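The values are calculated or read from the model by the stated rules, or taken from the named source; none is laboratory data. This structure is a prediction, so every number in the text was calculated from the model and none was measured. A quick note on method: Cβ atoms are made from the backbone with ideal geometry, for glycine too, and the neighbour counts reach across all protein chains shown. Side chains are part of the model used for accessible areas, which takes the heavy atoms of the whole protein and leaves out ligands, DNA and RNA. Shrake-Rupley method; radii C 1.70, N 1.55, O 1.52, S 1.80 Å.
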Amino acid sequence: MNVIAFRGRSSSPTPPTTPSSLHLTPMVDLFLERLRVRGAARNTLLAYGSDLRHFVVFALRMGVALGGQVDERLVNRWIDAGMQERGWSRRTAHRKHMTLHSLFQWAIGEGYALRDPTTDVRITFRPRAVVAPELEPLKRVVAAIGTQAPLDLRDRAMCLLMLDAALRASEVACIDVEDDTHPRLHWVDLIARRVHVRPKGGADTDADVVGLEPQTVEAIRAWLRVRGKLAKPGERAMFVNQNGVRIARQSVYTMVRARGAAAGLPRLHPHLFRHRRIGDIVEKLGLDVGSAQARHRHKSTTVNVYGTHAAEVQRNAVRELAPLGAIA
């Protein structure tokens, strides 16, 4: 999760309250509105909102209602309660701590707070190394999915998109069907064999364009031929759940975990498709990962080597020199 930092005073009007008198609930609402205006992704807003509202509920239970009353002791108690009562891992606790830190950094810049009570809070954890399965076992996961039942066709198309185009689960869930009456941020051009997605943290006008292999396009077409059996009338999402509405990001994770277990990869999750495909392309094309990282504003070495900055010749090179290979 990327932590959004705020430094210095903004050009917004002087707050109509003293730093110690603003209630936590409107403070959180104002912060989330700032993130929304600045183009934060929907999933980022949902995650930040969930973490911060949970903190507000805890603070109120402890008798703290104002932002100026929050101190280091309260933050530590919140984190301890989450780890002991709700089963947070240290990694999860660290993420929530950083979310709260972002809130108070913003509040200081806006004049809503005088100090950041999260500054001296420490949570130590060991980052996990991400080791993706080799390409062939991942292809076997896709090959094991049926080609007759509607849900099988849906899952096969989603898995191929994540493997072929190195898409995130959230990006797959956000893809819409073709509809000229509504603006689209995530969509598939079946004729040109490309998928358009808004990059992580990008504005609504940004788009990454990723080339697709013919077998991926055919899997999507096969799903679209039966999509109407599940999708509710007027539903814009390309991939829907059994209730006929847009599939949730977490449901994509659950599906991949189940499909992986059925094919002998019990701990599979969507991002491993992405890691393996990107690593495979970097190796086969001999790309400079460092320059690719800078070009695509990605902290990890598992950088998306496609995107709006990639020329058409690069997309063609990926198709020709780093093909995914046939999947049964």
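Miscellaneous remarks
- Anchor K232: aspartates and glutamates whose Cα lies under 19 Å away (excluding residues fewer than 8 positions away in-chain): D152, D155, D176, E178, D179, D180
- Remark: accessible surface ordering of Y48, Y253, Y112 (largest first) is Y253, Y112, Y48, probe radius 1.4 Å.
- Ordered by 1.4 Å accessible area with all protein chains kept, T99, T92 run largest first as T92, T99.
- Over the stretch 75-190, volume per residue of the alpha carbon convex hull, in Å³: 212 Å³
- Here the gap between R73 and R225, fully extended at 0.36 nm per residue and compared with their Cα-Cα distance, gives a gain of 49.0 nm.
- Relative to the 2.2 N^0.38 Å rule of thumb, the stretch 42-121 has a C-alpha radius of gyration ratio of 1.04.
- Potential lengthening between S21 and R140 on full extension [0.36 nm per residue; Cα-Cα distance subtracted]: 36.9 nm
- Accessible area per residue was computed with a 1.4 Å probe on protein heavy atoms; T124 scores about 110 Å².
- Summing +1 for each Lys or Arg and -1 for each Asp or Glu among the other residues whose beta-carbon sits under 14 angstrom from that of F31 gives -1.
- Within the assembled protein chains, the solvent-accessible surface assigned to C174 is about 50 Å², based on a 1.4 Å probe.
- Placing R122, R184, R221 in order of accessible area, with the largest value first and a 1.4 Å probe, yields R122, R221, R184.
- Sites R115 and R91 - FRET efficiency at Förster radius 30 Å, r taken between beta-carbons, to 0.05: 0.70
- Summing +1 for each Lys or Arg and -1 for each Asp or Glu among the other residues whose beta-carbon sits under 12 angstrom from that of F239 gives +2.
- Nearest-0.05 FRET efficiency for A65 and T254, computed from C-beta distance (R0 45 Å): 0.75
- E283 accessible area, 1.4 Å probe, all protein chains in place, Å² to nearest 10: 140 Å²
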